[in-house]
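Below: the structure, in C-alpha cells.
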Amino acid sequence: MGEYNPNEGETIVTDVLVVGGGPAGMALGLALSINGVDVTVLESSATSSRSFRGESISPDSVFTLRSLGVFDQLPAASHMSVDGLRIVDSGNPVLSLRFEELRADSELPTEVPQDVLLDAMVAAADHNRLRLVRSVTVSELVRTAGRISGVRYRRDGAIHEVRSRLVVAADGRYGTTAAMASLPSRRKPMQRDFLWVKVTAPDTWDRSCYQVHMKADSHVMCIPTVPDLVRLGVNIPPGGLREIRASGLSALHDKIGKLVPELADTVAEQVGSWRDTSVLDIFTSYTPRWSTPGLVAIGDAAHTLSPVLAQGVNHAILDGVVLADLLPAALTHPTDIAVDDACRRLQEIREPSVEIARSLQMRQEMAFAQRGVVGEFGRRSIYRAIGNSAFLKKRIWGSIYYSLLNSDNVTRHAVDRLAARRAGETSSV
C-alpha cells in the first residue's frame, strides 16, 4: 500500500476511490485510513510538486491537521504561523487585527508549501489502508446497473480499472470527474484575475501578518511564506494577461511599486522575466447537487472559492474529514443506499459553512472593486469602523477562521472522533 504501482491490466478493488490527490483528496484518504477504510487515491501528477497552489492553511484546518498527526510529519522549518492582518488603502492603514483578538490560545493561520503538506498527509496515513497511484489520467466512469461503480484510467500507456463502493471527485476547480457524472456546475467570474510573484522579503518587511495594499480598484495581496519569502497577488483584468504583458515587465514593477512602495526595489530586482510570474483566474463555482448514485464531489470540485481569506484549502480539508466520518458506518450496509445517504448528508453539513465563506468573500470582492471618491471613502470608512470594533472583528473573521471552536459544530465532532480513533491506534502500537 502507500504509493502503489499497478500491474498492467490490473483491476483494483477498493471501498472508496478518490480522484485527485490535492488537499481535499489527501485529507479524505488520510481520514479514511485512520477510520479503517480501504481507500485508493488516483493523482495525475508524478510527485506532490506542482505549480502555484494555495499555501495558506486556515486555523480550523491547522487544528484538524494537527489532530490527525500531519504536523508531526512536517519539518519545523517547512511552515510558519501568521498572527495578524493589515489593510492599507491609498497608503494609509485602515484596519489591523491580531488573530489572538479573535480567539486567544487558539491555532494561528499557517503557511506551508502545498507539496510539503501533501507529503506529510501521506506520511501520516495508515499505509495498510491507503493506496496512492500517481501519473494517471482518468478516462471514463464505470457504471453498473445505473450506478457509478469505478473508473478506467490510463497510466504508462496502459488502461487500468478501479472498482469501488464510492467514487469521490476531488480533482479541483478544473477537474472533469464531476462533469463525467453530469453534476451541473455554475461558474461566476470575478472582476479580476491574479498575477502572482514571489520575492525574498526585505529585512524591514513585517512577515508576521497578511497585508492587502489597495488604491482605487487596484490591489496587491501580500502573503508571507517560508523560508523568508512574500507572495504577491496583483489584480489584473479577467483574461488580461496578454494586455499586461504587452505593457512590458516594467509596467508590472511600477504597479506593485505604487501600491507597495516598501517592495518596489525588491520586485524590480527579483522579478526579471514573465517566467517569474504565474496567473490564477479568479471565479467561484457552485454545484447545486454534490452527489449522484455512486459518486460525490468535494473541495473545489463541488464549490470553488476565491483566494480572499484563503478558504478554498480550508473547506476542501474539512469536506474530506466529514465525509470520512460519515462513510464507515454506511459501508457496513450490504446495499449502497446508506452510502448515497451519507453523501447527501455531507452536503447538508458542509454547504452552510461554505456559503458563509463565499458570502464574506463576495463582500470583500465588492470592496476591492470600488473606485471614485465616494466608493473609496465608503470602503475606508467601513474598514476603519470594523478595525475599531472588537465585536465586529470577532463576528466577521472569528466565524470564518474559528468555526470549529463552537461546541455544537458537527464538523468539529467529526474531527474529534477521528482524533480519538488515531490516538487509540497510536497508543496500541
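The values are calculated or read from the model by the stated rules, or taken from the named source; none is laboratory data. Please read these numbers as outputs of a predicted model, since none were measured by experiment. Heads up, the Cβs are rebuilt from the backbone with ideal geometry, glycines too, and the neighbour counts pull from every protein chain shown. Note: areas computed on protein heavy atoms with side chains; ligands, DNA, RNA excluded. Shrake-Rupley method; radii C 1.70, N 1.55, O 1.52, S 1.80 Å.
State in Å² the accessible area per residue of segment 51-162; use a 1.4 Å probe, count heavy atoms of protein chains only, and round to the nearest integer. Display every interim value, and only then the final one.
Values: 4540 Å² over 112 residues.
I get 41 Å² per residue for this part.
Quick one: net charge of Asp265's neighbours, Cβ under 14 Å, K/R +1, D/E -1? Could you put the intermediate results ahead of the total?
On the way: positive: Lys258; negative: Asp203, Asp254, Glu262, Glu269.
With Lys, Arg at +1 and Asp, Glu at -1, the net is -3.
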Tilt, helix 249-259 to longest principal axis of the chain (alpha-carbon atoms), in degrees rounded to tens, equals 70 degrees
If the viscosity is 0.890 mPa s and the temperature 25 °C, what translational diffusion coefficient in µm²/s does Stokes-Einstein give for segment 126-221 when Rh comes from Kirkwood over Cα pairs?
134 µm²/s
Across Arg103, Arg412, Arg358, the residue with the highest GNM fluctuation in the chain (Cα network, 10 Å cutoff) is Arg103
Give me the Å³ per residue figure for the convex hull around the C-alpha atoms of segment 151-201.
183 Å³
For segment 159-165, Karplus-derived ³J(HN,Hα) couplings (6.51, -1.76, 1.60; θ = phi - 60°; whole Hz; x for glycine and proline) come out as 9, 10, 9, 10, 10, 8, 6
Work from the charge dipole of the chain (Cβ charges, +1 for Lys and Arg, -1 for Asp and Glu, about the Cα centre) and give the residue of Ile159, Val133, Phe71 farthest towards its positive end.
Ile159
When only alpha-carbon atoms are used, what values of Rg and Dmax, in angstrom, describe segment 160-316?
18.9, 56
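Mind checking the dipole of segment 278-391: about its Cα centre, +1 per Lys or Arg Cβ, -1 per Asp or Glu Cβ, Debye to the nearest 20?
Details: 10 positive and 12 negative charges, 137 e Å.
Roughly 660 debye for segment 278-391.
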Please give the helix 410-428 orientation as an angle from the longest Cα principal axis of the chain, in degrees from 0 to 90, rounded to the nearest 10.
60 degrees
Tell me, what is the percent relative contact order of the chain, built from C-alpha pairs under 8 Å that lie six or more residues apart?
22 percent
Taking one equal scatterer on every alpha-carbon of the chain, how large is log10 of I(q)/I(0) by Debye at q = 0.13 1/Å?
-1.15
Going by average Cβ density within 10 Å per residue, which order do the peptides 299-307, 415-423 take, highest to lowest?
299-307, 415-423
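Counting only DSSP beta bridges with both residues in the chain, tell me the antiparallel percent, nearest 5. Walk me through the numbers before you get to the answer.
Numbers: 52 of 79 bridges.
Once the DSSP bridges in the chain are tallied, antiparallel ones form about 65 percent.
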Take the alpha-carbon centre of segment 86-112, take the same for segment 303-361, and report the distance between them in whole Å.
27 Å
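Heavy atoms only, probe 1.4 Å: what % of the accessible area of segment 21-112 goes to carbon and sulfur, would you let me know? Please list the in-between numbers first.
Working: 1370 of 3050 Å².
Of the solvent-accessible surface of segment 21-112, carbon and sulfur hold 45 percent.
Rounded to whole Å and ordered largest first, report the semi-axes of the equivalent ellipsoid of segment 32-149 derived from its Cα gyration tensor (root of 5λ).
On the way: eigenvalues 253, 68, 46 Å².
Three semi-axes, in Å: 36, 19, 15.
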Please get the size of the charge dipole for segment 154-230, origin at its Cα centre, with Cβ charges of +1 on Lys and Arg and -1 on Asp and Glu, quoted in debye to the nearest 20.
500 debye
What is the calculated FRET efficiency for Ala216 to Val410, with r their C-beta to C-beta distance and R₀ = 45 Å, to the nearest 0.05?
0.60
Excluding Arg395 itself, what net charge comes from residues whose Cβ is under 15 Å from its Cβ, given Lys and Arg +1 and Asp and Glu -1?
+3
Tell me which of Gln211, Leu392, Leu318 sits at the most positive position along the dipole axis of the chain, charges placed on C-beta atoms (Lys, Arg +1; Asp, Glu -1).
Leu392
Select from segment 1-80 those trypsin sites (Lys or Arg not before Pro) which occupy a DSSP coil region and have at most 11 other Cβ atoms within 10 Å, ordered by residue number.
none
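Can you pull the percent of segment 130-190's accessible area that's carbon plus sulfur, 1.4 Å probe, other chains left in place?
On the way: 1360 of 2810 Å².
Carbon-and-sulfur percentage of accessible area, whole number: 49.
Which chymotrypsin sites (Phe, Trp or Tyr not before Pro) in segment 128-226 sit in a loop by DSSP (not H, G, I, E or B) and have at most 14 other Cβ atoms within 10 Å of their own Cβ? Spell out each step's value before the answer.
Details: sites: Tyr153, Tyr174, Phe194, Trp196, Trp205, Tyr210; in loops: Tyr174, Trp205.
For chymotrypsin sites (Phe, Trp or Tyr not before Pro) across segment 128-226 that sit outside H, G, I, E and B with at most 14 neighbouring Cβ atoms in 10 Å, the list reads Tyr174.
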Using alpha-carbon pairs under 8 Å, 6+ residues apart, how would you state the relative contact order of segment 122-265 in percent?
14 percent
Quick one: net charge of Val415's neighbours, Cβ under 15 Å, K/R +1, D/E -1?
0
Which residue, Thr176, Thr284, Thr204, tops the fluctuation ranking in a GNM of the chain built on C-alpha contacts under 10 Å?
Thr204
Per-residue ³J(HN,Hα) for segment 320-334, Karplus 6.51 cos²θ - 1.76 cosθ + 1.60, θ = phi - 60°, Hz, x for Gly and Pro:
x, 5, 5, 4, 5, 6, 7, 6, x, 5, 5, 6, 6, 6, x
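Calculate the tail of P(r) for segment 1-52: the fraction of all Cα-Cα distances greater than 16 Å, expressed in %.
On the way: 575 of 1326 pairs.
Everything past 16 Å amounts to 43 percent.
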Only Lys, Arg (+1) and Asp, Glu (-1) charged, at Cβ; the chain dipole about Cα centre in debye
1160 debye
